[in-house]
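Okay, so here's the structure we're looking at.
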Protein chains: 2
Amino acid sequence: MFREKIKVLDCTIRDGGLINNHGFEFKFVRAVYKALSDAGVDYMEIGYKNSKRLFSSKEFGAWKFCDDADIRKAIDGIESNTKISVMVDVDRVDPEDILPRKDSPAHMIRVASYIKDIDKAIHLVNHFADKGYETTVNIMAISKALDNELTEALQQLESESKAKVIYIVDSFGSLYQETTEFLIKKAKNILKTKEVGMHAHNNQQLAFGNTIEAIIHDANYVDGTIYGLGRAAGNCPLELLLGFLKNPKFDIRPILDVISKEFIPLREKIEWGYIIPYAITGILDEHPRAAMALRNSDKKENYREFYESLVGEDEE
Amino acid sequence: MFREKIKVLDCTIRDGGLINNHGFEFKFVRAVYKALSDAGVDYMEIGYKNSKRLFSSKEFGAWKFCDDADIRKAIDGIESNTKISVMVDVDRVDPEDILPRKDSPAHMIRVASYIKDIDKAIHLVNHFADKGYETTVNIMAISKALDNELTEALQQLESESKAKVIYIVDSFGSLYQETTEFLIKKAKNILKTKEVGMHAHNNQQLAFGNTIEAIIHDANYVDGTIYGLGRAAGNCPLELLLGFLKNPKFDIRPILDVISKEFIPLREKIEWGYIIPYAITGILDEHPRAAMALRNSDKKENYREFYESLVGEDEE
């Protein structure tokens, strides 16, 4: 029943960090790493490798920078086969800061890029591949990519990059199954020598459904987060993904445990998941930033006015 | 872009009534009816027609019985093209209580039935069709139906029943897209003279995704509820459905309004939507009743223990 090639990457701490300026406490990060390790999850993405010359470590927590010492502090002493992944953004990382794979606690580096920056992404990802890391390129805001540009980007990634996996990233949570199918088939068709991955957002409660759709069409790398934690509407819930995949190496119970113990209390402090403002930006295929701003205003439940403000914007 | 034949039925009050013993106040029901009418939704299901000889009107609210006088009290004076639907359960209705269509405020009667009761359902639905109502049969707990029994039931419904629509009901929220596709194709293939409908539950956050899947495979009747209100994990959110369907007759704004004004305050009083206990019963293809009991106990967040209690049950 199960497809052994499917790899599950949990990005709870990385994507969830976008809510709290990457300020998760070490105790929480260790609890997540232990749960993922016990559950048999393949990868844990622990944060971003951002340049400290561009961002202040007073303003942001440890997981904005992912110093090797901090990663070690989070994982040391926990028995695990779960590999550590870190994400880098084009133009925000100092590649020379990153040690060779053999000297680092990280196994994988994922380069997040918009279509327009794909040349920079290829340059970066090849640099990290040469340092010995498993690598991916994650194409963000895929719903805004023009088809001819996406074709060219995928062709370049196939012929010029050393990345092992290319991810389709539904940044705005606006994809329906039919477009997910179209994009995954298109990527599989061009990327003859690479794997395809799916990273979904849950604005329209379709993160899990679109991830299943991607799996049906042969994406083998799929992202989830525990209890769907992630920016705005959050991500594909890892617990549902483990329930769906039939690989006996996975055990859902440690994930259920850590949700009870760590995520239910956290939910009292920070907000994520499906609510109407994120549904609206998903339906309209827009970045959730306007919805996040609304949630921090005194009009947080004024949905109609928010909707009308977005559809009333003059774009011509 | 849009498919004119698709009809949207909102069952907020009917399915939501399973949480509060059908006790919604008239003010709330009127607000929902007004919003649905302004939004252009085709049908509003307002409750069940249950026999007062079987259930006490002291124990249950008005929408367990849907007396014609109560329906009129909820809708009179509101301009609307939205048709009223009521649901009946096999063995719980007195068919003779129900007046002919021309004397009733209801336009449609939906008969909910398990596969085993399909003969009774056909008898009932033909009775109501003869009284002039639009009619449907909703096959509940479809995930537990054996394929040969489902084939026979669908063949009987096609040849013996006067129902206009046959619904696939994912009572436990356990279907994935592939099985939804299988079931809808199977129903379409047998039901040559009828429409097929989809009623989904959201235990695995797949209610909307499975409803889209059903639409892709030519189901033309789809159920939603405002903000997903419904028993346990709730249903396909109507606001997402209206965002997806491109029929210009629909207007999402009245729905956004009524969520702000009525559903956000209601959320403080009753619980519905995705939480881990409902995810667990969905993954395990079980009725949510054990999860609902858990939520009313002092172990409401003990997910691992709950999961282990369900997988540990001896079924042989």
Subject >> Inter-probe distance in nm under a simple model that places probes 7 Å from Cα toward Cβ, at B:Asn247 and B:Asp68 >> reply: 2.8
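Output the Kirkwood hydrodynamic radius of the protein assembly as shown, Cα pairs only, in Å rounded to one decimal. Don't skip to the answer; put the middle values down first.
On the way: mean 1/r = 0.0390 Å⁻¹.
After inverting the mean inverse Cα-Cα distance, the result is 25.6 Å.
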Subject >> Size of electric dipole in the stretch A:170-262: Cβ of Lys, Arg +1 and of Asp, Glu -1, about Cα centre, debye, nearest 20 >> reply: 260
Subject >> Copy-to-copy label separations for A:Ala290, where each label sits 7 Å from Cα toward Cβ, in nm and ascending >> reply: 4.6
Subject >> Gained length - B:His107 relative to B:Asn296, 0.36 nm times residue gap less alpha-carbon distance >> reply: 64.3 nm
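Mind checking the mean number of beta-carbon atoms from other chains within 10 Å of the Cβ atoms in A:269-275? Don't skip to the end; give the middle numbers.
Numbers: counts 0, 0, 0, 0, 3, 8, 3.
The per-residue average across the peptide is 2.
May I ask you to sort A:Met198, B:Met140 by Cβ crowding, counting other Cβ atoms within 10 Å and putting the fewest first?
Values: A:Met198 27, B:Met140 21.
Ranking A:Met198, B:Met140 by Cβ neighbours within 10 Å, fewest first, gives B:Met140, A:Met198.
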Original post:
Can you flag which of A:Lys7/A:Lys249; B:Lys5/B:Lys83; A:Lys162/A:Lys192; A:Lys34/A:Lys164; A:Lys144/A:Lys299; B:Lys49/B:Lys131 are past 19 Å Cα-Cα?
Top reply: A:Lys34/A:Lys164; A:Lys144/A:Lys299
Original post:
Sorted by packing (mean other beta-carbon atoms within 10 Å per residue), highest first, where do A:99-107, A:301-309, A:144-152 land?
Top reply: A:301-309, A:99-107, A:144-152
Original post:
Per-residue mean of other chain beta-carbon atoms within 10 angstrom of the beta-carbon, peptide A:177-185?
Top reply: 1
**OP:** List the distances, in nm to one decimal, from the label point of A:Asn21 to the label points of the same position in every other copy, shortest first, placing each label point 7 Å from Cα along the Cα-to-Cβ direction.
**Re:** 5.0
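Determine, from the Cβ-Cβ distance of A:Glu313 and B:Lys52 and an R0 of 56 Å, the FRET efficiency 1/(1 + (r/R0)^6), rounded to the nearest 0.05.
0.55
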Original post:
What are the residues whose amide H is under 5 Å from the amide H of B:Lys83, where those residues sit 5 or more places off or on another chain and H is modelled from the backbone?
Top reply: B:Tyr43, B:Met44
**OP:** Check the straight Cα-Cα distances from A:Lys261 and name the aspartates and glutamates below 14 Å, setting aside those fewer than 8 residues away within the same chain.
**Re:** B:Glu301, B:Glu305
**OP:** Rounded to the nearest Å, what's the spacing between the alpha carbon centres of the stretch B:1-42 and the stretch A:220-258? Just the number, please.
**Re:** 33
Subject >> Three-way shape call for chain B based on the alpha-carbon gyration tensor, with the a/c threshold at 1.5 >> reply: rounded
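Under the 0.36 nm per residue contour assumption, what length would be gained going from the current alpha-carbon distance of A:Gln156 and A:Arg289 to full extension? Please report the intermediate quantities before stating the final value.
Numbers: separation 133, 0.36 × 133 = 47.88 nm, distance 3.07 nm.
Between A:Gln156 and A:Arg289, full extension yields an extra 44.8 nm.
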Original post:
Which chain A residue sits with its beta carbon nearest the axis carrying A onto B, and how many Å away is it, rounded to a whole number?
Top reply: A:Gly209, 1
Original post:
When each copy gets a label point 7 Å from Cα toward the beta-carbon at A:Glu4, what are the spacings between them in nm, shortest first?
Top reply: 5.5
Original post:
In which sequence would B:Ile280, A:Ile276 go, from the one with the fewest C-beta neighbours within 10 Å to the one with the most?
Top reply: A:Ile276, B:Ile280
Original post:
Between B:Ile270 and A:Asp91, what FRET efficiency follows from the Cβ-Cβ distance if R0 is 51 Å, with the result rounded to 0.05?
Top reply: 0.60
Original post:
Once both labels are modelled 7 Å past Cα along the beta-carbon direction, what's the A:Lys261-A:Lys120 spacing in nm?
Top reply: 4.1
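What does the structure give for A:251-258 when I average, per residue, the other chain Cβ atoms found within 10 Å of the residue Cβ? Intermediate results must be reported in sequence, preceding the final value.
Details: counts 0, 7, 6, 1, 3, 11, 5, 2.
Taking the mean over all residues of the peptide, I get 4.
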Original post:
For the residues A:Phe55, A:Phe26, B:Phe28, what sequence is obtained by ranking on other C-beta atoms within 10 Å, fewest first?
Top reply: A:Phe26, A:Phe55, B:Phe28
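Per residue of chain B, what 222 nm ellipticity follows from adding -39500 (n - 2.57) for every DSSP H run with n ≥ 4, rounded to the nearest 500? Mind showing how you got there, number by number?
Numbers: 13 runs with 119 residues, N = 316.
Helix contribution divided over all residues of chain B: -10500 deg cm²/dmol.
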Subject >> Inter-centroid distance (Cα atoms) of the stretch A:65-125 relative to the stretch B:84-133, Å >> reply: 62
Subject >> Calculated FRET efficiency for the pair B:Asp130/B:Lys27, C-beta based, R₀ 25 Å, to 0.05 >> reply: 0.10
Original post:
Which of the aspartates and glutamates could be linked to B:Lys120 by a straight reach, that is with a Cα gap under 14 Å, when you skip same-chain ones fewer than 8 residues away?
Top reply: B:Asp89, B:Asp91, B:Asp94, B:Glu160
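Bear in mind that the values in this text are calculations on the coordinates, not laboratory data. Bear in mind that the values here come from a model prediction, so they are computed numbers and not experimental data. Using ideal geometry, Cβ is built from the backbone for each residue, glycine included, and neighbour counts are taken over all protein chains shown.
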